[in-house]
Amino acid sequence: MTSTSNTQSTNASSFNTNNNANANIEIEADISYRFDFERFFEHLVDVSLTFTAATDAPQLWLPAWIPGSYLMREFARNITAVHYQITEGDKPSETYRAQKVDKNTWQLPQSKLGQTVNVAYEVYCYDLSVRTAYVDQQRLYGNFTSLALAVDGQEKTPVKVNLVVPAAFLAGKDDNLVLLACGLEATHLRLDGQHSYGLQADSYHDLIDYPFEIAEQDSFDFIVHDSTHQTLAHKFYLSGKHNANMGRLQQDMTQICQSYLDWLGDAPFSDYTFMTFASGQDYGGLEHINSTSLITPRRDLPSFDEPKLPSADYQRFLGLCSHEYFHSWWVKTVRPDVMLDADLRREAYTPLLWVFEGFTSYIDDFMLQASNVIDKASYLKLLAEQINRYYQTSGRAHQSVAESSFDAWIKLYRSDENTGNAGISYYNKGALVALCLDLTLLQKSAGRYRLFDVVKAFYTQAKQNDNKRIGISVADMGVVIGQFMPLAEWEDFERRYVNGVEELPIEALLAENGVKIRTNTTETADKHVPWGIRCVEMPTGLKINRVQRDSVAAKAGLSAHDVIIAIDGIKADNKQLVSLSNAERDVECYFFRRDELMSVHVRPQATIEAQQGITGLNASMETVFPHKVSLHLKTSSVPSEGDDHRLQVKASWETWLNVMERY
């Protein structure tokens, strides 16, 4: 790394003055960015970029997507015109307007090889998600993927960054609480009432893995230790309006993070930063190599009277932290092969997202109980939620989890009223495939191996590489898993449950491990499934959000976005719908489609008749399970002498759930 600088301009320490673009030259100069937040009220950031051209007419580009979120988000749409000047000696040239080459690339035709170029542009920043940038009087937040133009061909050049916070942003704030949260070390300079933070990175690709936030933030530190007793420093920042019990959060986060180190031995980082913004109802997280950016409903944070067993809301937040933390090993270090050096201007298709997000979605909650932050009964409730979600998605009969992974770019983040009918989430089904694979590994290896050994084997391979990372393929999955169970057994599992759409053997595998699935016949898994529709009650009636394929509603002619205004001559509401959910006669239904009044006759009893007549695997998978399932550990009294069966049943779930005993 190069030394940090708070100045904008950067000069080439050596370059060939030959203006031939094809000449072999070495440009040994840093690229410098300056981000000025003076116009935070307008949600605008003014960016200055200085670099030495390594070719005639250099080009600048901005990523179209951010690692960890697989959708073309087109960050360039938030950049207005790009202007530039050329500096020769001490005299800058006139200001030129960059020419757009494609949707996210600009060319600087007046610039020649070896010249110092100063670029200026503004970025509109008003997206509250963790994927882009957000600027207002409360917080200055950003991912450099949506803020920093890259110099084409010079992405490996060292980078310097200066974040300039104006005095107006600091006015009325507690100066001691205005902090920079970032995984990169920073210098801090106060001058004329403004704050200036200096960052440095080895390359552009290094820089974009470090989001930042500047705001009034509460924070705490904690440490965990690796297997060699080395200390790893952790920092937790929390911004936004909240009343969180920071002491409780510190205690639980320490336990969770230490459990990961106890399992994996060491970490791909020497320090780690949690960046969290508390909001009203927003939720999400994005992983980075030594940090994570989180947004959470403030109700999910621990209260000052938080019970010993965390509330369901608080468990959700802890699960989010656990999920993103594990990604440092399992996505940032071990990753799909196409993501190892991905071109952020194009999609990177892989059938393995179920491995990375699915394994993580299984392990994140599992580690909450492994760390003793929640108990085993609470974990089984979280697992039951995953199972119910899976059973409530009829699209599992049509799309495999590998296909779901491959189609993430066009489907996952673009759900619509037909999503549940046509596909499955690689997060949800991926987590349950991971569960089944974990239990299958235990079964096929007579209890010696499990999914956690597979993950650790890949991580061990990554550490042997010079860059401490590894990209894996579908074939690599077979090679490694084949070390822990017969390869033919894995190939059969993969054919049926990964590339195929056979129903997952969840109940059988859990039963073998001392866990019983119970069906709650008094509470439906989804209160809006009468007639196979999911709807929301409005003053105007019941607005249909989704219609299940082959349901009585679909066959009667009801569709998504219809607004039911009357059922059987009575104003439509949820109670009216439920009361007629199993009627044995035709029910007259009036509804608006767009602005047109229409009517149909629905025969609800056909739902029961259809279910009773179902045969075959895919037929059963077409049906949404009407009731919730719950999970319970099989228990028994103290066994009498010779009662080996009950001893074996109890030991089976302990072997599954008490993973930390193995490491």
#### Entry: Sequence of 106, 263 once ranked by neighbouring C-beta atoms within 10 Å, starting from the fewest
263, 106
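Can you bin the range 31-210 into rounded, prolate or oblate? Criterion: square roots of the alpha carbon gyration tensor eigenvalues sorted a ≥ b ≥ c, rounded for a/c under 1.5, prolate for a/b above b/c, oblate for the rest. Write down the numbers at each step before the final one.
Working: a/c = 1.71, a/b = 1.38, b/c = 1.24.
Taking the square roots of the gyration eigenvalues as a ≥ b ≥ c, the range 31-210 is prolate.
How would you classify the range 329-510 from its alpha-carbon gyration tensor, with a ≥ b ≥ c the square roots of the eigenvalues: rounded for a/c under 1.5, else prolate if a/b is greater than b/c, otherwise oblate?
Working: a/c = 1.39, a/b = 1.03, b/c = 1.35.
Judged from the Cα gyration tensor, the range 329-510 comes out rounded (a/c under 1.5).
Return a whole-number percent for the relative contact order of the chain, with Cα pairs under 8 Å and 6 or more residues apart as the contact set. Kindly include the intermediate steps, with their values, before the conclusion.
Working: 1369 pairs, mean separation 62.1, N = 663.
Reported relative contact order: 9 percent.
So between residue 203 and residue 136, what do we pick up on full extension, going 0.36 nm a residue minus the alpha carbon distance?
Numbers: separation 67, 0.36 × 67 = 24.12 nm, distance 2.85 nm.
Roughly 21.3 nm would be gained on extension.
For the range 535-567, which trypsin sites (Lys or Arg not before Pro) are in a loop by DSSP, counting at most 10 other Cβ atoms within 10 Å?
Numbers: sites: 543, 546, 549, 555; in loops: 549.
Here no loop site has a sparse enough neighbourhood.
Based on other C-beta atoms within 10 Å, arrange 662, 139 from fewest to most. Please report the intermediate quantities before stating the final value.
Working: 662 13, 139 18.
Ascending Cβ contact count within 10 Å gives the list 662, 139.
Normalised by the number of residues in the range 530-609, what is the relative contact order in percent for Cα pairs under 8 Å and 6+ residues apart?
Numbers: 165 pairs, mean separation 21.5, N = 80.
The normalised contact order for the range 530-609 reaches 27 percent.
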### Query
Between the range 90-128 and the range 252-313, what's the alpha-carbon centroid distance in Å?
39
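If we count other beta carbons within 10 Å of each Cβ, what is the order of 327, 229, 398, 288, fewest first? Each step should come with its number before you reach the end.
Details: 327 23, 229 6, 398 16, 288 26.
Taking fewest neighbouring Cβ atoms as first place, the list is 229, 398, 327, 288.
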### Message
Once each part is reduced to its C-alpha centroid, what is the distance from the range 187-246 to the range 425-441 in angstrom?
### Response
34
## Note on the structure
Asserting the computed 222 nm helical MRE of the chain (DSSP H runs at least 4 long, -39500 (n - 2.57) per run, divided by residue count, to nearest 500) equals -7500 deg cm²/dmol
### Task
Assign one of three labels to the range 316-428, namely rounded, prolate or oblate, based on the Cα gyration tensor with a ≥ b ≥ c the square roots of its eigenvalues; rounded applies when a/c is under 1.5, prolate when it is not and a/b is larger than b/c, and oblate otherwise.
oblate
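Quick note: the coordinates plus some simple rules give every number you see, no bench work behind them. Here the structure is a predicted model, which is why all the values come from computation and not from measurement. We place every Cβ from the backbone using ideal geometry, glycine too, and count neighbours over all the protein chains shown.
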